[in-house]
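A.B. asks: Here it is, the structure in full.
Values in this text are rule-based calculations from the coordinates and carry no lab data. Remember, predicted model here, so these are calculated numbers, not experimental data. All Cβ positions, glycine included, derive from the backbone under ideal geometry; neighbour counts span all protein chains shown.
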Amino acid sequence: MKLKIPKDKDLNFSNLLFSDISEGLNELRLETGKWPDSIIISGPLGMEVHSFIVQQGWKLDEFGLKYVASPVNKIRLEYIKPLDQIKEVGNTIFDSSLNGKEIKGIPGQETIDKIRSIYSNLSYTIQRTVRPVYEILLARQ
């Protein structure tokens, strides 16, 4: 996403900035189920945006609003700690052997169905650590 920063910041800019930040916060919350806990604003244009937010009195402290000196002009919404992402996948996997039984020939559908129902687990879990981020690049209008 890209946000144009005007020299004179009016009500229209205020609404646009608030909308873009809200959209990013909501997108991350919908993706992860948790609100992001860090809003980092950087760059010379970022300093203007940070000052504007403070002047407007927006209560973004619970999101860890801060300015960081950097040559890159952006607003970065993120999580301080990585998140565990758990995904349940419905697939057939075998979690035990066939108890030493040997199948000779090509099994029929009935035999395959019995094997699936007795010896397989129809789902498994993928667990990983993720660091979701939402960035708004800032440019002079």
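A.B. asks: Could you pull out every one of the lysines with an alpha carbon less than 18 Å from that of Lys74, ignoring same-chain neighbours closer than 8 positions?
C.D. replies: Lys2, Lys4, Lys7, Lys9, Lys66
A.B. asks: I've got another one for you. How far apart, in nm, are two points set 7 Å out from the Cα along the Cα-to-Cβ line at Ile86 and at Thr125?
C.D. replies: Calculated label separation equals 0.4 nm.
A.B. asks: Looking at the chain, identify the longest residue range that excludes and avoids all trypsin sites (Lys or Arg not before Pro) in DSSP loops having at most 15 other Cβ atoms within 10 Å.
C.D. replies: 60-100
A.B. asks: Pick from Val54, Val130, Val89: which residue has the top mean-square fluctuation in a GNM of the chain where Cα pairs under 10 Å get a spring?
C.D. replies: Highest fluctuation of the listed residues: Val89.
A.B. asks: To make sure I understand the rule: partners must be lysines, Cα under 30 Å from the Cα of Lys114, and not fewer than 8 residues away in the same chain. Which ones qualify?
C.D. replies: Counting by Cα, and skipping residues close in sequence, Lys114 has these lysines nearby: Lys87, Lys101, Lys104.
A.B. asks: Tell me the net charge near Pro6. Cut-off is 11 Å between Cβ atoms, Pro6 excluded, with +1 for each Lys or Arg and -1 for each Asp or Glu. Let's see the in-between values first.
C.D. replies: Values: positive: Lys4, Lys7, Lys9, Arg140; negative: Asp8, Asp10, Glu48.
Its environment carries a net charge of +1.
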